[in-house]
Amino acid sequence: MSNFSLQIPAWPNGAPVPARHALGKLGQPMELSDNISPEMSWSDAPDGTRSFAIIVTDPDVPSAGDDVNIEGRLVPADLPRVPFFHWVLIDLPTSVTTLAEGAASSGITARGKPVGESLGGVAGANDYTGWFASDADMAGTYGGYDGPCPPWNDSIMHHYHFDVFALDVETLGIDPADLTGPTASAAMEGHILAKASHMGTYSLNAAVQAG
């Protein structure tokens, strides 16, 4: 059994993500937040590890946007959910086992951040690229980390999975222009030696936050 583990000191595993690490926070009904990537460190990678990959996913995103962020409506709990990728970083060398707070994002960057070389590895596009595609002020490619901002009228809590993968290859060989959560996940198949995880919850619905 692997002892590979991930530490994120900003919140206990399974606890709420602090708003400073989110893209949105409670307001009237929501407002933009600090969007600071959290400090992370991982240890005890298995023998044979040749690179690391980081993927941050929210699996609780509504599959349809009909009710999303519309006054007087509630996104129903029984609506099917789909994954939303908040951070894709691959090809990290084994010498990198710590990322400082703010290393991948220290604020909200309108029109996004570049994909490609980042923090010793290669950053791909997160799913805010598609989310903001029709917004003239925000449209662009969103590389690196951008934090939680679930619908403020969603009836369920969202869960944010920070996963570090120990891989048996130095590079996944993906062109940065094609690097997304799905392409990284597909390329990692058959190369994962171990996964270390840390989860946080987040909601912009005050009633859901209150439990």
### Message
Regarding the range 97-115, can at least one residue be identified that is small (G, A, S), modelled with pLDDT of 95 or more, buried (at least 19 other Cβ atoms within 10 Å of the Cβ) and under 20 Å from W11 (Cβ atoms)?
### Response
yes
### Task
Filter the range 1-18 down to the residues that are touching a Gly at 6+ places or on another chain (Cβ under 7 Å) and assigned to a loop (DSSP other than H, G, I, E, B), then identify the one that is farthest from P150 (Cα to Cα).
W11
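Name the strands (runs of 3 or more DSSP E) wholly within the range 67-176 that hold at least 3 residues that are among the hydrophobic types (A, V, I, L, M, F, W, C), under 18 Å from S51 (Cα atoms) and in contact (Cβ under 8 Å) with a residue 40 or more places away in the chain? Outline the logic, then answer.
Details: elements: 81-92, 116-118, 121-123, 158-167.
Output list reads 81-92, 158-167.
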### Task
Could you run through the range 132-164 and say how many residues are more than 14 Å from the chain's Cα centre (by Cα) and not hydroxyl-bearing (S, T, Y)?
14
### Of all residues in the range 40-53 being outside any strand (DSSP E or B) and touching a Ser or Thr at 6+ places or on another chain (Cβ under 8 Å), the one that is surrounded by the most Cβ atoms within 10 Å (Cβ to Cβ)
A45
### Task
Please give the number of the condition S33 fails out of (1) small (G, A, S); (2) under 15 Å from the mean Cα position of the chain (by Cα); (3) surrounded by 20 or more Cβ atoms within 10 Å (Cβ to Cβ).
(2)
### Message
Of all residues being more than 17 Å from the chain's Cα centre (by Cα), in contact (Cβ under 8 Å) with a residue 24 or more places away in the chain and not in a helix (DSSP H, G or I) in the range 177-211, which is farthest from F52 (Cα to Cα)? Just the residue, please.
### Response
N205
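Select from the range 1-26 the residues that are of a type in the set (G, A, S) and modelled with pLDDT of 95 or more and write down the one among them that is nearest to A166 (Cα to Cα). Break it down stepwise before answering.
Residues of the range 1-26 that are of a type in the set (G, A, S), as a first pass: 2, 5, 10, 14-15, 19, 22, 24.
Now restrict to residues that are modelled with pLDDT of 95 or more: 5, 10, 14-15, 19, 22, 24.
On the way: S5: 10, A10: 23, G14: 22, A15: 25, A19: 29, A22: 26, G24: 31 Å.
Ranking the qualifying residues of the range 1-26, first place goes to S5.
Does N69 meet the test of being within 22 Å of R20 (Cα to Cα), more than 17 Å from the chain's Cα centre (by Cα) and surrounded by 13 or more Cβ atoms within 10 Å (Cβ to Cβ)? Before you say what the answer is, go through the steps one by one.
Numbers: within 22 Å of R20 (Cα to Cα): yes; more than 17 Å from the chain's Cα centre (by Cα): yes; surrounded by 13 or more Cβ atoms within 10 Å (Cβ to Cβ): yes.
In short, yes.
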### Query
Does D60 satisfy being at pLDDT below 95 and either in a loop (DSSP other than H, G, I, E, B) or within 26 Å of S134 (Cα to Cα) (or both)?
no
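The values are calculated or read from the model by the stated rules, or taken from the named source; none is laboratory data. Nothing here was measured: the structure is a model prediction, and the numbers come from that model. For neighbour counting, all protein chains shown are included, and Cβ atoms are generated from backbone atoms with ideal geometry for every residue, glycine included.
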